[in-house]
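One structure below.
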Amino acid sequence: MRLGMKNLASVVWEVAMNMKVFRCKTYNEPMEQVRKHSTAVAHLSRLVAEQTPIPLDYAFLCGLLHDVGAAAILLLLGERGPVETPPLPSFVLNEVLLDVHAEASQIIAKNWKLPDDLQLVLAHHHAVNVGGHAHPTAAVIALAQKLAAEEGAALGHVSPSWD
């Protein structure tokens, strides 16, 4: 009762993501970076959202899921078939993740039947602008990512396309 239903939902999402999504034997180290980054961004998004009218639980969920596409890509690459193939070199892996993770996050959110606005936020969490206007929740996630990077929880070297 003390935790409340909204906070409980955030805890359940975080635990579920850590137990099932952010796990990959082949790419354990990069997956651990995605997990730490996503968790940090989720908590920072909630803090940033306190200064906005954006619901805190929604900001947390967007922050937690913003790089779920990167996790999915790592999982898919880790399951490349029955033949033991060596992992991709880190510079190739980083380029693949940087190029397509936001779109992959949006596709996953769509397949999970998450709200359209959440899908939009995941697709634009680096660009912030959607249809020529800054999307408030995408801006919260981008700012949280910047704060996470400054505290050592960066994922790759992605710079937002905003000042």
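Give the number of residues within segment 89-131 that are open to solvent by less than 70 Å² (accessible area, probe 1.4 Å) and over 14 Å from L61 (Cβ atoms).
Going through segment 89-131, the residues open to solvent by less than 70 Å² (accessible area, probe 1.4 Å) turn out to be 89, 92-94, 96-98, 100-102, 104-106, 108-109, 114, 117-128, 130.
Then keep just the ones that are over 14 Å from L61 (Cβ atoms); that gives 89, 92-94, 96-98, 100-102, 104, 106, 123-124, 126-128, 130.
The total comes to 18.
Looking at A104, A59, A40 in this structure, which one is out of contact with any Leu (no Cβ under 7 Å at 6 or more places or on another chain), of a type in the set (G, A, S), under 18 Å from G152 (Cα atoms) and modelled with pLDDT of 90 or more?
Only one candidate qualifies: A40.
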Checklist entry - What is the number of the single condition among (1) open to solvent by 50 Å² or more (accessible area, probe 1.4 Å); (2) of a type in the set (A, V, I, L, M); (3) modelled with pLDDT of 85 or more that V48 does not meet? => result (1)
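The values are calculated or read from the model by the stated rules, or taken from the named source; none is laboratory data. Note that the structure is predicted; figures quoted are calculated from it, not measured. Cβ coordinates were reconstructed from backbone atoms using ideal geometry, including for glycine residues, and neighbour counts include every protein chain displayed. These accessible areas exclude ligands, DNA and RNA; they are computed on the full protein's heavy atoms, side chains included. Shrake-Rupley method; radii C 1.70, N 1.55, O 1.52, S 1.80 Å.
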